[in-house]
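S.K.: My questions will all concern the structure given below.
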Amino acid sequence: MEDCLAKKMEITVSEAEKRTGRNAMNIQETYTAYLIETRAVESQSEGQCAPVDSLWRRYSEFELLRNYLSVTYPHIVVPPLPEKRADFVWHKLSADNMDPDFVERRRIGLENFLLRVASHPVLCQDKIFYAFLTQEGGWKEMVNETGFQLKADSRLKALNATFRVKNPDKRFTELKHYSDELQSVISHLLRVRARVADRLYGVYKVHGNYGRVFSEWSAIEKEMGDGLQSAGHHMDVYAASIDDILEEEEHYADQLKEYLFYAEALRAVCRKHELMQYDLEMAAQDLTSKKQQCEELATGTVRTFSLKGMTSKLFGQETPEQREAKVKVLEEQIQEGEEQLKSKNLEGRDFVKSAWADIERFKEQKNHDLKEALISYAVMQISMCKKGIQVWTNAKECFSKM
């Protein structure tokens, strides 16, 4: 971890800017660009102030970077991006992806994504990632030149592997089930939080009615007027405070959402293992079939029904020379298949070893992050309750002085 990029470079996404331009289809569009700023850490430790390098990136470029990392490092649980459009929000919060509050939260999420990648022992060393941070022009061309799109597995192939693998690895099967359950639990938690936030919003805003009533009442009471007016003021302040409170709470929800999306990153690793296992089983099956064909040609006996067997019965047996030539071709294919099977076995073992090491790293990170997020959320709720107690304590004092 001492060699990770996060130790050598300060990385921030400092600004978000609304822009208008034309897309690849030459259609006018409005989008948000984010300013990435980087600064070398080494010169700062020597008492010098390193210059800040900066460049602008669109959300779609972050998506391209993550797609590249996911395909290039299939054994790694690649950090997710923040959501493109707001989801699981309380109803008074805008779900518009151009809303300033949402853009600000997405800016924080994009910065967190970059810091996650820069802190990862493997991803931080990737040259394309470094270019993303430091090279504004020609970066997309660099990504496309890697040909990573050609390595991407099709969804149909992945689905086929899921249903046709005969000997799935129990650990990855369990991990896949865990990721599904994690996503389900966090989704449910976020929906509950949104409903609670809606009700809380209503309760706070209703306190504004107290303020209005106390203010109207104070106008007809000479002796009690000042106390009622002051109590009404406290109620108005309390009612207005909920907007900032729930906006702050949304940041804690974003921390949970990150792990909602991490669940899909876990499944991606599991799917890749299924694909490798499927390819391995298909290669083993093909090799077994060729060995059987070779044996049948060599002995002149056919164990299983085949179209070729029927053809030879109808039109006569092959000559010894023809059989010998076919046997020779099959023996070469068998030798090639055995080498291929050996290579796939080694590749599979390396994948499992690397993937499981990264999954263990992820689990440690997840346990720490979710614990911190839930504690922070609880502290915020306690603080909110204390504010409510203080408002009513202040109101009580106002009533006592009447």
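The values are calculated or read from the model by the stated rules, or taken from the named source; none is laboratory data. Since this is a predicted model, take the numbers as computed values, not measurements. With ideal geometry, Cβ positions are generated from the backbone for all residues, glycine too; neighbour counts draw on all protein chains shown. Areas reflect the complete protein model, heavy atoms only, side chains present, ligands, DNA and RNA absent. Shrake-Rupley method; radii C 1.70, N 1.55, O 1.52, S 1.80 Å.
S.K.: Within the group LEU150, LEU156, LEU189, which residue is among the hydrophobic types (A, V, I, L, M, F, W, C), open to solvent by 60 Å² or more (accessible area, probe 1.4 Å), at pLDDT below 90 and within 21 Å of ARG267 (Cβ to Cβ)? Before you say what the answer is, go through the steps one by one.
M.R.: On the way: LEU150 fails: within 21 Å of ARG267 (Cβ to Cβ); LEU189 fails: at pLDDT below 90.
Just one listed residue meets the conditions, LEU156.
S.K.: Taking the residues in region 262-293 that are open to solvent by 60 Å² or more (accessible area, probe 1.4 Å) and within 22 Å of the chain's Cα centre (by Cα) as candidates, determine which candidate is farthest from ARG195 (Cα to Cα).
M.R.: Looking at residues that are open to solvent by 60 Å² or more (accessible area, probe 1.4 Å) and within 22 Å of the chain's Cα centre (by Cα), I get ARG271.
S.K.: Within the set of pairs 6+ apart or on separate chains, which have a first residue in region 341-364 that is open to solvent by 70 Å² or more (accessible area, probe 1.4 Å), a second that is assigned to a helix (DSSP H, G or I), and C-beta atoms under 9 Å apart?
M.R.: Sorted first by the residue in region 341-364, then by its partner, the pairs are GLU347/MET276; GLU347/LEU280.
S.K.: Among (1) in contact with a helix residue (DSSP H, G or I) (Cβ under 6 Å, 6 or more places away or on another chain); (2) open to solvent by less than 50 Å² (accessible area, probe 1.4 Å), where does TYR210 come up short?
M.R.: Just one mismatch for TYR210, condition (2).
S.K.: Conditions: (1) closer than 28 Å to PHE172 by Cβ; (2) surrounded by 13 or more Cβ atoms within 10 Å (Cβ to Cβ). GLY388 meets all but one. Number of the miss?
M.R.: (1) is the only condition that GLY388 fails.
S.K.: Looking only at region 206-260, which residues are of a type in the set (S, T, N, Q) and over 30 Å from SER179 (Cα atoms)? Don't jump to the end; show me each part of the working.
M.R.: Let us first name the residues in region 206-260 that are of a type in the set (S, T, N, Q), namely 209, 215, 218, 229-230, 241, 255.
Answer for region 206-260, where residues must be of a type in the set (S, T, N, Q) and over 30 Å from SER179 (Cα atoms): ASN209, SER215, SER218, GLN229, SER230, SER241.
S.K.: Please count how many residues of region 192-202 are of a type outside the set (Gly, Ala, Ser) and either open to solvent by less than 60 Å² (accessible area, probe 1.4 Å) or farther than 13 Å from LEU246 by Cα (or both).
M.R.: Residues flagged as of a type outside the set (Gly, Ala, Ser) and either open to solvent by less than 60 Å² (accessible area, probe 1.4 Å) or farther than 13 Å from LEU246 by Cα (or both) within region 192-202 amount to 5.
S.K.: Here's something else I'd like to know. Could you grab me the full set of residues in region 242-277 that are hydroxyl-bearing (Ser, Thr, Tyr) and at pLDDT 90 or above? Give the steps one after another, and end with the answer.
M.R.: Start the filter on region 242-277 by keeping residues that are hydroxyl-bearing (Ser, Thr, Tyr), which leaves 252, 259, 262.
Residues satisfying the conditions are TYR259, TYR262.
S.K.: Does LEU374 satisfy the criteria of being touching a residue at least 12 places away in the same chain (Cβ under 8 Å) and surrounded by 14 or more Cβ atoms within 10 Å (Cβ to Cβ)? Break it down into steps so the answer makes sense when it comes.
M.R.: Numbers: touching a residue at least 12 places away in the same chain (Cβ under 8 Å): no; surrounded by 14 or more Cβ atoms within 10 Å (Cβ to Cβ): yes.
No.
S.K.: State all residues of region 258-279 that are farther than 26 Å from ASN367 by Cβ and not charged (D, E, K, R); if no residue qualifies, say none.
M.R.: Result: LEU275, MET276, GLN277, TYR278.
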